[in-house]
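The values are calculated or read from the model by the stated rules, or taken from the named source; none is laboratory data. Just so it is clear, the model here is predicted, and its values are computed rather than measured. Positions of Cβ are backbone-derived with ideal geometry, glycine not excepted, and every protein chain shown enters the neighbour counts.
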Amino acid sequence: MMAGDNIKTLEELNFEIARYHEHLRQYPTDTPAKKKLEDRLNKWYEQLDITVFVANNEQLPYTSKELGFRTKPMLSKAQTGCSQVGDYNFHIDNIGGKFLDGFGGLVVERKTCADFYGTMFGARDRFYREVQRFHDDSRFDTFYIFVESDLITWLNYRPPNSPIDPMINQKMAVLGSLEARGAHVVWCGNRAIATRLYSDYVKQYCIKNYARILRLDDGGRAFRVFDND
């Protein structure tokens, strides 16, 4: 490292973020402080050690190479005390605190065009129960369905040899039912875009929800600032 470099540790960034966060609570219009906080958050995110947990029943799971994150099989209820939720969720391994506190709030279900059709017109009630498990789990607060297709293709999709083809208004209605349940559909187009979006969504989730992750507003700070904390 060159003498002029000023690379901060994660602990130092945690402290500075907490300081700017508290300052902006008192002075929310302080634009220079906002910019400094944004700068610290981007540097902070780059130091987070993130693991993506992948559902064991995923047939073509996203890989570490595709996502840019370490991937591991999703932990069982026997290991965590919590039911498995979604196909992908992530954990910040170096943020401190209890293990369950390290989970980011983002849950993603992956669907191909055919998968999504089959879920909505063959296993809808089961999927709604999955969404309810998400709502019941305090680790999570955001649920996305990444469909590796576009809306028009899905609206026009019909399974081979299917005797029944739901009308477009029926397909639109199920989209509304998902949104009403807090499950947001993201039309990714293809797998490559889906994996890129996942990485971007994780980054933006962490930056937007830094106060939740660091527990700055609930009195249970996720890190130590001084040795006697």
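Checking each residue in segment 126-169 for being under 30 Å from S83 (Cβ atoms), in a helix (DSSP H, G or I) and not aliphatic (A, V, I, L, M) picks out R126, F127, Y128, R129, E130, Q132, R133, F134, H135, D136, W154.
Considering only residues that are surrounded by fewer than 17 Cβ atoms within 10 Å (Cβ to Cβ) and touching a helix residue (DSSP H, G or I) at 6+ places or on another chain (Cβ under 7 Å), look in segment 143-156 and name the one that is farthest from Y198 (Cα to Cα). The extreme case among them is L155.
Conditions tested, residue by residue: (1) charged (D, E, K, R); (2) at pLDDT below 95; (3) over 15 Å from I17 (Cα atoms).
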residue	(1), (2), (3)
A192	no, no, yes
R196	yes, no, yes
D200	yes, no, yes
K208	yes, no, no
G219	no, yes, yes
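For segment 93-109, the set of residues classified as small (G, A, S) and farther than 13 Å from I50 by Cβ consists of G96, G97, G105, listed by residue number.
Applying the set (1) closer than 25 Å to F15 by Cα; (2) in contact with a helix residue (DSSP H, G or I) (Cβ under 8 Å, 6 or more places away or on another chain) to T71 leaves exactly one unmet item: (1).
Condition check for K72 on (1) basic (K, R); (2) in contact with a strand residue (DSSP E or B) (Cβ under 9 Å, 6 or more places away or on another chain); (3) part of a helix (DSSP H, G or I): one failure, at (3).
Can you name the residue in segment 18-56 that is part of a strand (DSSP E or B) and of a type in the set (A, V, I, L, M, F, W, C) and is also nearest to Y198 (Cα to Cα) among such residues?
Ranking the candidates gives V52 first.
Can you confirm whether F90 is in contact (Cβ under 8 Å) with a residue 12 or more places away in the chain and over 14 Å from the mean Cα position of the chain (by Cα)? The answer is no for F90. Of note, P28 does not satisfy the criterion of being assigned by TED's automatic domain parsing to the domain that holds H135 and at pLDDT 95 or above. The condition of being within 18 Å of Y210 (Cβ to Cβ), in contact with a Lys or Arg (Cβ under 7 Å, 6 or more places away or on another chain) and assigned by TED's automatic domain parsing to the domain that holds L151 holds for only one of F53, F90, F103, that being F103.
Could you tell me whether any residue of segment 95-117 is modelled with pLDDT of 95 or more, at positive phi and in a loop (DSSP other than H, G, I, E, B)? Within segment 95-117, none of the residues are modelled with pLDDT of 95 or more, at positive phi and in a loop (DSSP other than H, G, I, E, B). Of the set (1) part of a helix (DSSP H, G or I); (2) surrounded by 12 or more Cβ atoms within 10 Å (Cβ to Cβ), all apply to H91 but (1). Restricting to segment 139-175, and then to whatever is hydroxyl-bearing (S, T, Y) and at pLDDT below 95, can you tell me which residue is farthest from the chain's Cα centre (by Cα)? By that ranking, first place goes to S162.
For segment 134-193, the set of residues classified as in contact with a His (Cβ under 8 Å, 6 or more places away or on another chain) and of a type in the set (A, V, I, L, M, F, W, C) consists of F143, I145, L178, listed by residue number.
The residues listed here are F146, F134, F127; of these, the one that is within 30 Å of K65 (Cβ to Cβ) and touching a Ser or Thr at 6+ places or on another chain (Cβ under 8 Å) is F127.
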